[in-house]
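Each remark here refers to the structure printed beneath this line.
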Amino acid sequence: MVLLTLIARVRDGLILATSIEGPDENPDMVKYTNQAKMLFRKLSAPNTPSQQTVESRPYVFHYVIKDQICCLCLCDMNFPRKSAFAFLEDIANEFNGQNGSRVATVTRPYHFLDFDAYIQQAKKRYSDRSRFAMAAVNNELTDVTRIMVSNIEDVIHRGEALNILESRASDLSDMSRKYRQDAAMLNRRSMMFKVFAALGFAGLIFLILRFFVL
Ligand SMILES: *[C@@H]1O[C@H](CO)[C@@H](O)[C@H](O)[C@H]1NC(C)=O
């Protein structure tokens, strides 16, 4: 069963459309909507897969990125991944066809709430697929076993780990710069010490020569 569907802009995670669920909606959905929002904010990071399955037990998110948008759904763990990805591909194509040209300029969230009508219709089609129709989905779709499966915590905190690494790296480079400066100063000191020592020694020789030889 598909519990929740959201469409967001990849660039900044702005939510464009959502499925409007009935009054019997699961109260936990606020939590999962928030997780989805955090996930959306990570989409513009480099190396983000264009299709992914993200587990958040007891459910699972699936998403696809198409052009400027990301379509995501939350499903029961036993909902077939092929149906989920077929559903997402379907709504992504329809959304891009209808409203894709306006995505870049939208500023307020949930601008395309009307799209819910299409989401509901598609959801029915992919949930009620008979075994016969499922076979068609199986054939028309890419091999979903190759789509990466991650965990929600890892996805949400991925950027943070990188930030920590980056700040450690910059600490290290500050330290090494300081070390190089200190080393250069020590070098200069030791050079000057040698020069003074040499001068002192020359002076001593001069005095000795002057008193004892001349
Ligand atoms: C999205 O596209 C549909 C069909 O072209 C149109 O009727 C609808 O008004 C558009 N929605 C917005 C918010 O522009």
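The values are calculated or read from the model by the stated rules, or taken from the named source; none is laboratory data. For clarity, every value in this text was computed on a predicted model and none was experimentally measured. Cβ coordinates were reconstructed from backbone atoms using ideal geometry, including for glycine residues, and neighbour counts include every protein chain displayed.
What to note about this one:
- Leading residue by the ranking (nearest to V149 (Cα to Cα)) among those in segment 66-86 that are touching a Lys or Arg at 6+ places or on another chain (Cβ under 7 Å) and crowded, with 17+ Cβ neighbours inside 10 Å: S83
- Selection count where residues are part of a helix (DSSP H, G or I) and either in contact with a Ser or Thr (Cβ under 7 Å, 6 or more places away or on another chain) or farther than 22 Å from H111 by Cβ (or both), scope segment 12-31: 1
- Residues that are over 21 Å from V54 (Cβ atoms), assigned to a helix (DSSP H, G or I) and in contact with a helix residue (DSSP H, G or I) (Cβ under 7 Å, 6 or more places away or on another chain), drawn from segment 100-121: F115, Y118
- Of residues in segment 98-147 being among the hydroxyl-bearing types (S, T, Y) and at pLDDT below 90, the one farthest from the ligand (Cβ to nearest atom): T145
- Among (1) surrounded by fewer than 18 Cβ atoms within 10 Å (Cβ to Cβ); (2) modelled with pLDDT of 90 or more, the one test that F95 misses: (1)
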